[in-house]
Amino acid sequence: MTSFAEGLIGITLDDRYRLDAVLGEGGMGAVFRATHLAMDRKVAVKLLKPHLANNEASIERFKREARSTMKVDSPHAVKVLDYGITPQHDYYMVLEYLDGRTVQRELDVDGMVTPARVVHIARHALHALGAAHAIGIVHRDIKPENILLMRQGADADYTKLLDFGVAKLMEGAAKSTQSQLNLTQIGTVFGTPEFMSPEQACGPLLGGRSD
């Protein structure tokens with residue numbers, strides 16, 4: 001049976017982005033390797049599933065992810081290049097295409113990572129988190145699947161932090177931004193249970209140390 005994402009391979013989204021292959025699919029949407037036709041450039045396109053296009057909370061979380069990611073000023077955070085809504089009310093965001101594999105994949109294929117590599121990867125990931133925390137954003141889903149390793153120059157472990165989909169503003173962030181991004185109330189828990197800090201699992205207001 002063809003999945004939602006597989007059925008879209010080959011279409012051109014918004015007359016600009018041709019969807020070439022599925023990179024991943026989850027409950028809210030799918031990520032595709034795509035081509036920006038006018039620029040002949042490889043990109044990644046994240047598309048919200050159609051049945052969620054009328055769900056206000058899902059749309060706002062999708063917008064929040066695009067805004068949060070765009071605000072994080074670090075070479076070690078994935079970059080959002082574009083955001084849009086097609087005439088058919090398909091919500092999408094375009095991200096830089098990263099050719100690498102996640103830390104989780106690295107562990108699955110090659111096993112344990114040496115301490116020196118761990119330190120190198122952690123420094124890059126912490127640079128991205130520091131940039132996020134500096135503008136009041138808590139990632140809330142730090143895990144091996146959301147840390148990607150790629151080759152850049154002589155560095156085979158150049159690290160990019162992915163997926164700000166459940167990011168949340170810290171207490172004290174600007175109220176105007178708070179109204180745009182803060183969709184969850186105290187006591188609501190988001191994230192991946194195996195990788196949550198105790199305070200995140202309990203649902204209170206979070207700070208950067210939780211990441």
Next on the checklist: If packing is taken as the average count of other Cβ atoms within 10 Å, what order do 111-118, 49-56 fall into, highest mean first?
Outcome noted: 49-56, 111-118
Checklist entry - For Arg18 and Glu194, FRET efficiency with R0 = 30 Å and r from the beta-carbon atoms, rounded to 0.05? => result 0.25
Checklist entry - Can you give the Rg to Rh ratio of segment 2-141, both from alpha-carbon atoms, with Rh computed by the Kirkwood formula? => result 0.99
Checklist outcome for this item: Shape descriptors of segment 71-121 over alpha-carbon atoms, Rg and Dmax in angstrom, are 16.4, 50
Next on the checklist: If you split all Cα-Cα distances of segment 38-96 into 10 Å bins from zero, what percentages do you get per bin, shortest first?
Outcome noted: 21, 50, 25, 4
Item to check | Ranking by accessible area, most exposed first, for Leu107, Leu148 with a 1.4 Å probe | outcome: Leu107, Leu148
Item to check | the chain: relative contact order as a whole-number percent, Cα under 8 Å and 6+ apart | outcome: 17 percent
Item to check | lysines whose Cα lies under 24 Å from that of Lys79, excluding same-chain neighbours fewer than 8 positions away | outcome: Lys42, Lys46, Lys49, Lys63, Lys71, Lys143, Lys160, Lys168
Checklist outcome for this item: Quick calc, Met28 & Arg105: beta-carbon distance into FRET formula, R0 35 Å, rounding 0.05, result 0.95
Checklist entry - How long is the gain from Ala154 to Ile9 if the chain were fully straight, where each residue apart is worth 0.36 nm and the alpha carbon distance is subtracted? => result 48.8 nm
Next on the checklist: Give the average over all directions of the projected area of the C-alpha convex hull of segment 112-162, one decimal, in nm².
Outcome noted: 3.9 nm²
Next on the checklist: Suppose each label sits 7 Å from its Cα in the direction of the beta carbon; what would the His127-Met39 distance come out to in nanometres?
Outcome noted: 2.2 nm
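The values are calculated or read from the model by the stated rules, or taken from the named source; none is laboratory data. Being a predicted model, the structure only gives us computed values, none of them experimental. Heads up, the Cβs are rebuilt from the backbone with ideal geometry, glycines too, and the neighbour counts pull from every protein chain shown. For the accessible areas, the whole protein counts, side chains as well, though only heavy atoms, and no ligand, DNA or RNA atoms are used. Shrake-Rupley method; radii C 1.70, N 1.55, O 1.52, S 1.80 Å.
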